[in-house]
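The values are calculated or read from the model by the stated rules, or taken from the named source; none is laboratory data. What you see is a predicted model, and the numbers here were worked out from it, not measured in a lab. Neighbour counts run over all protein chains shown; Cβ positions are idealised from the backbone, glycine included. Note: areas computed on protein heavy atoms with side chains; ligands, DNA, RNA excluded. Shrake-Rupley method; radii C 1.70, N 1.55, O 1.52, S 1.80 Å.
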Amino acid sequence: MKATARARAIERFYENRLFEGVDAEIIERIAPRISVLRKKPGEIIFREGEPGDSLYLVGEGCVKIVKPADGVDPEILDYVDQGNFFGATALLAGEPHSTTATAVEPALIGALTEDTLQELLKLSPSRLHMNFLRAITTRVRSANAHFMRETVRAERLRVAGALADAMIHDLKNPVCIARCCSDLIATESADGHLRELSKLLTGTVNGILGMTLDLLDYARGSVSVNKRPVSIWRLLDELNRQSLHLLPSKSIEFVKHIRYQGNIEIDLGRFARAIGNVIENAMHAMPRGGFLTVTIDAVENQVALRISDTGAGIAPELIPTLFEPFERYGDSHANGVGLAVAKAIVEAHGGKISVRSVVGKGTTVDIRLPKPDGE
């Protein structure tokens, strides 16, 4: 790195919380010993188990601190923004890192070795100790809040799982009776309209039981799917049976853009219920009517399914927790596990789900599934 570029980079660290209240002369004295790192999004700064031999300053960008977990996605413990520092716990304890740090966006990082930090402590002991205490207090509060959220979430899921288990047990007899009556009507009646209503009743009963099983599996943390090749049009037929047929009664116009007409490998019942949760939220977002658009495209090796509405939209600060269970978003319809279960089902298919929204204009839910081989 050229001298002028390095000098400009070092200036970005002068306002770091580590140096708060420290004389500029002291910072300039240790500045030549700050290693300057530039990291791209997704690039690792340190991994769990590596030596904790440096303290890191964030001059630009943002860093994610995660804790690997067995069999599931890593747990995000913290985000370190510009002007803050991280890595102190491992350095002060003289132990390997217990977490992994990754750049979320292009980041400028300054690294101080233990020797450099010791010199800084000698030059300005009172300020450095105070800055460390403040930083540690902030992190402890954040960790406590995170622990409480996870504890409450786990307890809610435990209760939801127990409730779903009890519901399935209690529903078995009435579901069997309803199915038998429906089958009997379909068999004995010559009235076509009555037979159609019987078929609708059977589908509704099966849907209730399926949703309860989805909730139970989600609460247990193991959503399994039985994938088979299904045509896009078969999926649309199932969605129409479950939820799309309700749109006209709510003054919502259905628009579809089907640019991929091949197959997708899905568990039709579960995947359709996941999409149904998204469509139900879209309907609630348009109480006075509007447009619901389903777009299906092939994007490289993926099939992209987008559901867009022209509703009220979602505030930006709510997007990060949109798929968390039991979160409340200002109305009774957005309080539950519907989207959380939908996300789990999509991910069980090897897919991804995301949301884009503009307040006052509407919301788009984007679902990406692997494109079947040969399609």
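Worth a mention:
- The set of residues in the stretch 107-141 that are hydroxyl-bearing (S, T, Y) and either under 19 Å from V66 (Cβ atoms) or open to solvent by 10 Å² or more (accessible area, probe 1.4 Å) (or both) comprises T113, S124, S126, T137, T138.
- The residue that is nearest to Y14 (Cα to Cα), counting only those in the stretch 89-106 that are surrounded by fewer than 18 Cβ atoms within 10 Å (Cβ to Cβ) and out of contact with any Gly (no Cβ under 8 Å at 6 or more places or on another chain), is L92.
- Positions within the stretch 259-280 being hydrophobic (A, V, I, L, M, F, W, C) and either touching a residue at least 40 places away in the same chain (Cβ under 8 Å) or farther than 20 Å from V355 by Cα (or both), in sequence order: I264, I266, L268, F271, A274, I275, V278, I279
- Flag for S35 being within 30 Å of the chain's Cα centre (by Cα) and open to solvent by 30 Å² or more (accessible area, probe 1.4 Å): no
- Screening L318 against (1) at pLDDT below 90; (2) part of a loop (DSSP other than H, G, I, E, B) leaves a single unmet condition, (2).
- Restricting V255, V230 to those that are in a strand (DSSP E or B) and either small (G, A, S) or open to solvent by less than 20 Å² (accessible area, probe 1.4 Å) (or both) reduces the list to V230.
- Index of the failed condition, Y218 passing every other in (1) farther than 18 Å from T364 by Cα; (2) in a loop (DSSP other than H, G, I, E, B); (3) open to solvent by less than 40 Å² (accessible area, probe 1.4 Å): (2)
- Scanning the stretch 262-293 for residues that are assigned to a strand (DSSP E or B) and surrounded by fewer than 21 Cβ atoms within 10 Å (Cβ to Cβ) yields N263, E265, G290, F291, T293.
- The stretch 17-71, residues that are touching a Leu at 6+ places or on another chain (Cβ under 6 Å) and without any contact (Cβ under 8 Å) to a residue 40 or more places away in the chain: I65, K67
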